[in-house]
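Please read the structure below before turning to the comments.
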Amino acid sequence: MLHFLGRQTLQIVVGFGDFALFTGRSFRSVLHSKRLGYRVVRSLHEQGTVCLPVILIVGMFTGLVLGLQGYHVLSRFGSEGLLGALVSLSLVREMAPVLAALMLIGQAGSALAAELGMQRNTEQIVALETMGVSSHGYLVTPRLIASLFTFPAQTALFVIVGLWGGALSGSTLLGVDSGVYWSSVEHAVEARDLRECFVKAALFGLMAISICAWQGFHADRSSSGSGARSVGAATTRAVVYSSITVLIADYVITSFFV
């Protein structure tokens, strides 16, 4: 038992070290990467434009559900006028950055892990390194830079759509005065709430894309086999690990702002 625990502990420590070195090399490659701007724009499209529909749909229905549930909870205490505050603070401080990050992980993160996994298995990454091209700078660095912009932008869009969803549910369907709703939103959200929201979004994006890229980049290390099986295993691990990391980081960051 002690041998097993020690071996697992060492594997975890080695994994953290390998991930830290991988992320460090990727950011260091900014100084030596050529045509970085073009690849960053392409990554912005992959993480931004392509993922836009899912953000809009999930944001709208999150706002609708918050408006519906919030109204019935507040109506028990005669505080329906605070519906806007409940919806806005729930979205800005917690739900928007977390749910937007999870949706982006499910679409952009999984696609990134699968793409890099296939490039590893078909030896395209080895070919880049043989030609003297930094594989980290060419494949990973643009994605990391793009994540610092796309995740906060998508989170902001999630908040806006969610607020309109709450207004549709609370004002249009349940009869809460529209002016009271938006006035409550205006008075509830403060600068520190927005700061917390965007700090979370940027850090979630950086961590999630780093983990997904790391898993795909080293898909050949998978113990599940080789070829398509290793790519599938790496993609699954990327989504699971990055989602868990986002939830853990959400608690840690929230503890600093509360």
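The values are calculated or read from the model by the stated rules, or taken from the named source; none is laboratory data. Values in this document were obtained by computation on a predicted structure and should not be read as measured data. For neighbour counting, all protein chains shown are included, and Cβ atoms are generated from backbone atoms with ideal geometry for every residue, glycine included.
Of all residues being β-branched (Val, Ile, Thr), surrounded by fewer than 17 Cβ atoms within 10 Å (Cβ to Cβ) and assigned to a helix (DSSP H, G or I) in the stretch 125-165, which is farthest from the chain's Cα centre (by Cα)? Just the residue, please. Per the stated criteria, the residue is THR130.
Just to be sure before I move on: is VAL189 touching a Ser or Thr at 6+ places or on another chain (Cβ under 9 Å) and surrounded by fewer than 20 Cβ atoms within 10 Å (Cβ to Cβ) in the structure I sent?
no
In the stretch 71-121, the qualifying residues are those that are among the hydroxyl-bearing types (Ser, Thr, Tyr) and in a helix (DSSP H, G or I), and the one that is farthest from SER178 (Cα to Cα) is SER110. Checking each residue of the stretch 183-198 against the condition of being over 24 Å from THR155 (Cβ atoms), touching a residue at least 40 places away in the same chain (Cβ under 8 Å) and not in a helix (DSSP H, G or I) gives no match. Scanning the stretch 14-48 for residues that are of a type in the set (Lys, Arg) and more than 25 Å from LEU102 (Cα to Cα) yields ARG25, ARG28, LYS34, ARG35. ALA101 - would you say it is closer than 30 Å to VAL30 by Cβ, surrounded by fewer than 19 Cβ atoms within 10 Å (Cβ to Cβ), among the small types (Gly, Ala, Ser) and out of contact with any Pro (no Cβ under 9 Å at 6 or more places or on another chain)? Answer is no for this residue.
For the stretch 43-81, a residue qualifies if it is farther than 14 Å from LEU174 by Cβ, of a type in the set (Ser, Thr, Tyr) and surrounded by 14 or more Cβ atoms within 10 Å (Cβ to Cβ), and the qualifying residues are SER43, THR62.
When you go through ASP250, ASP177 one by one, which is the residue that is at pLDDT below 90 and of a type in the set (Asp, Glu)?
Criteria check complete, one pass: ASP177.
If I ask for residues that are in contact with a helix residue (DSSP H, G or I) (Cβ under 6 Å, 6 or more places away or on another chain) and acidic (Asp, Glu), which ones from the stretch 95-141 would you list? Scanning the stretch 95-141 gives a single hit, GLU129. Among the residues of the stretch 215-229, those that are modelled with pLDDT of 80 or more and part of a helix (DSSP H, G or I) comprise GLN215, GLY216, PHE217, ALA219, ARG229. Of the residues in the stretch 195-218, none is under 11 Å from the mean Cα position of the chain (by Cα), within 16 Å of GLY63 (Cα to Cα) and of a type in the set (Val, Ile, Thr). Which one is farthest from GLN69 (Cα to Cα), of the residues in the stretch 85-138 that are among the hydroxyl-bearing types (Ser, Thr, Tyr) and modelled with pLDDT under 90? By that ranking, first place goes to THR130.
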